[in-house]
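Read the structure below first, then the notes.
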Amino acid sequence: MSGFSYTDEYLEFLHALDRHKIEYLLIGAYAVMIHTKVPRATKDMDTWIRQTRENAIKLSAALKEFGGLEVSEEAVLKLGQRIEIKSEAFKIEIWTSQEILGFEEAWERKMTDTVENFSINVISKEDLIKLKKHFNRPQDKMDLSLLQEKDL
């Protein structure tokens, strides 16, 4: 594992995805931390899910188990959807698509990391850099610097 800790809620969410065998990729700050081994502040956890009917059914069940949330399969299958789960302790964003990258190609290049006793799917460093360059927000620029520094 990467030398930083997850909150209990994030761990339970990732574990629910694993138990339900959901095809997803961890993206955003947590992916940056996994690739660089450098902890950084973040206000949320971002995941990207494969949009298939089977995955939508599994995600709906996992979210119900995780927090009693009712999310329809149709919501999961809607292109460009962002499903947000939050409380005072955590914020999780589930993305159904990315503007510049297809899930299938990103899935082929994914890496797997282990946390506690289960695996998590993480977007490849190459694809994470593509996303960070595309969004180009101030935090993305800092993340890019860190990701590219680790290439040296």
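Every number in this text was worked out from the coordinates using simple rules, so none of it is lab data. Only a predicted model underlies this, so the values are computations on that prediction, with no experimental measurement involved. Cβ: placed from backbone, ideal geometry, glycine included. Neighbour counts: every protein chain shown.
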Could you go through segment 66-78 in sequence order and give the Karplus-derived ³J(HN,Hα) for each residue, using 6.51 cos²θ - 1.76 cosθ + 1.60 with θ = phi - 60°, rounded to whole Hz, and x for Gly and Pro?
5, x, x, 7, 9, 10, 6, 4, 4, 5, 5, 8, 6
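Can you flag which of 64/133; 37/130; 37/64; 43/141 are past 26 Å Cα-Cα?
Numbers: 64/133 34 Å; 37/130 19 Å; 37/64 32 Å; 43/141 17 Å.
Long pairs (Cα-Cα over 26 Å): 64/133; 37/64.
Beta carbons within 10 angstrom, averaged per residue: use that to sort the peptides 60-66, 108-114, highest first.
60-66, 108-114
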Once phi for every residue in segment 89-103 is put through the Karplus expression 6.51 cos²θ - 1.76 cosθ + 1.60 (θ = phi - 60°), the whole-Hz ³J(HN,Hα) values, with Gly and Pro written as x, are 8, 7, 9, 10, 10, 10, 9, 9, 7, 10, 4, 10, 9, x, 4
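Quick check on the chain: what are the equivalent-ellipsoid semi-axes from the Cα gyration tensor, as sqrt(5λ), descending, whole Å? Numbers along the way, then the final one.
Numbers: eigenvalues 113, 61, 41 Å².
Over the Cα atoms of the chain, the ellipsoid semi-axes are 24, 17, 14 Å.
Just want the ordering: 135, 103, from fewest to most Cβ atoms lying within 10 Å of their own Cβ.
Values: 135 16, 103 20.
If I rank by nearby Cβ atoms, fewest first, I get 135, 103.
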Return, ordered by residue number, the residues of segment 92-107 whose backbone nitrogen is under 18 Å from a label point located 7 Å along Cα→Cβ of residue 12.
92-94
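Could you put 42, 36, 7 in order, starting from the residue whose Cβ has the fewest other Cβ atoms within 10 Å?
Values: 42 14, 36 18, 7 11.
Result, fewest neighbours first: 7, 42, 36.
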5 angstrom amide H check on residue 51, placed H, neighbours 5+ away
none
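For n ≥ 4 DSSP H runs only, could you compute -39500 (n - 2.57) per run for the chain, divide by its residues and tell me the 222 nm figure to the nearest 500? List each step's numbers first, then the result.
Working: 7 runs with 71 residues, N = 152.
Mean residue ellipticity at 222 nm (helix-derived): -14000 deg cm²/dmol.
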